[in-house]
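**Student:** This is the structure I have questions about; it appears just below.
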Amino acid sequence: MKSKFWKAFLLLSIWMVPVPLGFATVDWEILNTLQLEAPPLDVAISPDGKTVYVLNNKGVILVYALDGNLTDKIEVGKQIDQIKLGPKGERLFATSRQSKTVEVIALDFIQELSIKGSPYKGLKDAPVVIADFSDFE
């Protein structure tokens, strides 16, 4: 009976002895560095990973494309200290601890379409152009 006890004890003690785990190797590289005019306070990334929003201490949200090019600026004021994006990337939430507010900013991205070389009616330099994509009908 004693030998069964010691065998069970030995098996349990071997099983419970912590096994040293090795460190996993992480392969990493810096893809880009954004040069800012003012110190950053917060960063938010679009759900698709193609747009980076950087809030700086001057109260401006800088909008960068994935390649690091500055595409736009949103002035929100120096009271804003944190930003978050909504799950679909259509809303930007700018919070201020000092003023106890949350500003909800609707984001709508305007895409430039080149109509150079396309047939047209009317004035060549008209201020408004209506494009008809008849091949999608």
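Table: residues versus (1) over 30 Å from Ile30 (Cα atoms); (2) outside any loop (DSSP other than H, G, I, E, B); (3) under 31 Å from the mean Cα position of the chain (by Cα); (4) among the small types (Gly, Ala, Ser).
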site: Asp72; (1), (2), (3), (4): no, yes, yes, no
site: Gly89; (1), (2), (3), (4): no, no, yes, yes
site: Thr95; (1), (2), (3), (4): no, yes, yes, no
site: Glu103; (1), (2), (3), (4): yes, yes, yes, no
site: Glu112; (1), (2), (3), (4): yes, no, yes, no
site: Lys116; (1), (2), (3), (4): yes, no, no, no
site: Gly122; (1), (2), (3), (4): yes, no, no, yes
site: Ala126; (1), (2), (3), (4): yes, no, no, yes
site: Asp132; (1), (2), (3), (4): yes, no, no, no
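**Student:** For the stretch 78-108, how many residues meet the condition of being closer than 25 Å to Pro47 by Cα and surrounded by 11 or more Cβ atoms within 10 Å (Cβ to Cβ)?
**Tutor:** Counting residues in the stretch 78-108 that are closer than 25 Å to Pro47 by Cα and surrounded by 11 or more Cβ atoms within 10 Å (Cβ to Cβ) gives 20.
Since every read-out is calculated from the coordinates, none of them should be taken as a lab result. Fair warning: this is a prediction, and the values are worked out from it, not measured in the lab. Neighbour counts run over all protein chains shown; Cβ positions are idealised from the backbone, glycine included.
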